[in-house]
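What follows is a short report on a single structure.
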Amino acid sequence: MKDYLSLLQSHEVLRRLSFIQLISYFGAWFSNVAIYTLLLEMNVSAQIVAFVAMLHFLAGVIQAPFSGVIIDSVSPKKLMLSLISIEIVATFCLIFITQVSDLWILYILIFFKMAAASFYFTTEMSLLPKILDGDKLQKANEIHSIIWSLSYTLGMAISGFVVYALGIKVAFLLDAFMFVVAFYLLFRLEIAVVMHPKKEKFIVMMVDTFFYLKETPKAFYLMLVHAFVGLTAFDALVALMVDKYYAGVIATSLALGLIHSARAVGLVIGPILLGKWITNRRIIYLFIGQGLAVWFWAYMMHNFYLSLVASVLVGLFTTTLWSYTYTLLQKNIDAKYYGRIVAYNDMMFLSSAAFTSYMIGFLATHDFSLEYIAVIMGIAFMVGGIYYAWVLHKEKIEEIS
């Protein structure tokens, strides 16, 4: 923790970006509990719940081929301000969703809201290696992943209590207000990044990226390694667990909030415990640990209080796994391609998360128990570890330090 605080104190732009990031990412996920609570109150099917979870990731997949080129061509500050503006409008409009017939509007708003959030995330991840290097970049990525993970889960956790106490619409309005605050803070921030005019045309830059990936196969291999972390998209599974097992124990929004709070604990303490220990080869053990934690969660799933304990373990390995595999990719690609490669990397990660969300709904509606679904996900993490071991054997991957 000392290293993180020291870096934030010594680097003003990173410190202020991190604070803005905390607010904007928190806002990106704050509406989720309200959305899932609304869906469960409408008594929609498990497949619709899973489809909504998938939509949160699908938007980033579709825009990735274009977003990378834009990131490499446009001022990051102007781009991020535009994206936050979209999030403000899309979040505010969620207050008008009141019945099942409005679901198509909900789908559109979620798509645009999360497309902007994903684009913002990719823009910032492309910015970090331009202002930091080496150990500082790794620490910055770990800070970033802690904030993202904390915002992702704790945002939904606090939202659960807000929805329970104040209602769904108030949660949406508070969420929109948070984006307004993030916009103001970012507007006041000076980001000194020199943008070099691109001589290539838009399509040429897109095609050039594929040639680069063909000539640098380890970049593609590392993108696929990072995509395995997308299997941690547990939103649909948690919502279905609450509906099936815990509805008679505790209010829906509170159950969602508490489970995500427990997972947030693991997400935050994970890199503090594992950050200095992790190396290229030890990533294999993180994949194995993640798989075992998910199996433990499956075993404890029927009991609400024991599932909270399991949720902490599920989150313990995720943040370090995410941040280290991301930093490996940044370390092993040319600076010229940061925006485009990071965008395609996010596309693969979000595709994995979207597929995971879809399959949870598909399997749940085809008589697979939630416990068995979790066991399958645990096996998938083991496969990820085996694949990463193959990549290390096949390619020379630079250490981060």
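The values are calculated or read from the model by the stated rules, or taken from the named source; none is laboratory data. Because the structure is predicted, anything quoted here is derived from the model rather than measured. Note that we place each Cβ from the backbone using ideal geometry, even for glycine, and neighbour counts take in every protein chain shown. Protein only, heavy atoms only, side chains kept; ligands, DNA and RNA dropped before computing areas. Shrake-Rupley method; radii C 1.70, N 1.55, O 1.52, S 1.80 Å.
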| said: Tell me the carbon and sulfur percent of the accessible area for the chain, rounded to whole percent, probe radius 1.4 Å. | reply: 68
| said: Just to be sure I understand the model, the point goes 7 Å from the Cα along the line to the Cβ. What's the resulting F19 to V249 distance in nm? | reply: 4.0
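Pairs K276/K394; K77/K336; K2/K136: which exceed 23 Å Cα-Cα?
Check vs 23 Å cut-off fails for K276/K394.
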| request: For the chain, give the magnitude of the charge dipole about the Cα centre (Cβ charges: +1 Lys/Arg, -1 Asp/Glu; no others), in debye to the nearest 20. | output: 760
| field | Top positive-direction residue, dipole computed over the chain with Cβ charges, set S323, L132, T209 | value | L132
| request: Just tell me which aspartates and glutamates come within less than 16 Å, Cα to Cα, of K113; anything on the same chain fewer than 8 places away is out. | output: E87, D175
| Extension reserve of the L273-L189 stretch, reckoned as 0.36 nm per residue once the Cα distance is removed | 27.0 nm
| If you look at just the Cα atoms of segment 1-110, how large are its Rg and its Dmax in Å? | 17.5, 52
| said: If I model a spin label as a point 7 Å beyond the Cα along the Cα-Cβ vector, how far apart are those points for F66 and D135 in nm? | reply: 4.3
| query | Largest first, what is the accessible-area ranking of D243, D367, D235 with a 1.4 Å probe? | reply | D367, D243, D235
| Say a paramagnetic label sat at a point 7 Å from the Cα of H302, along Cα to Cβ; which residues of segment 233-275 have their backbone N under 13 Å from it? | 245
| said: In whole Å, what are the extents of the chain along the principal axes defined by its C-alpha atoms, from largest to smallest? | reply: 58, 44, 42
| Mean shadow of segment 311-401, computed from the convex hull of its alpha carbons, in nm²? | 7.3
| request: Among A374, S351, L363, flag the residue with its Cα farthest along the positive direction of the charge dipole of segment 319-401, charges on Cβ as +1 for Lys/Arg and -1 for Asp/Glu. | output: S351
| request: Can you spot the aspartates and glutamates whose alpha carbon is less than 19 Å from K130's alpha carbon? Ignore those fewer than 8 places along the same chain. | output: E12, D72, E142, E190, D334, D346, E398, E399
| message | Rolling a 1.4 Å sphere over the protein heavy atoms, what is the accessible area per residue of the chain, to the nearest Å²? | response | 41
| Which of the peptides 176-189, 53-66 is most tightly packed, and how do the rest follow, going by the mean number of other Cβ atoms within 10 Å of each residue? | 53-66, 176-189
| note | Helix-only [θ] at 222 nm, the chain, -39500 (n - 2.57) per DSSP H run of 4+, per residue, nearest 500, equals -27000 deg cm²/dmol
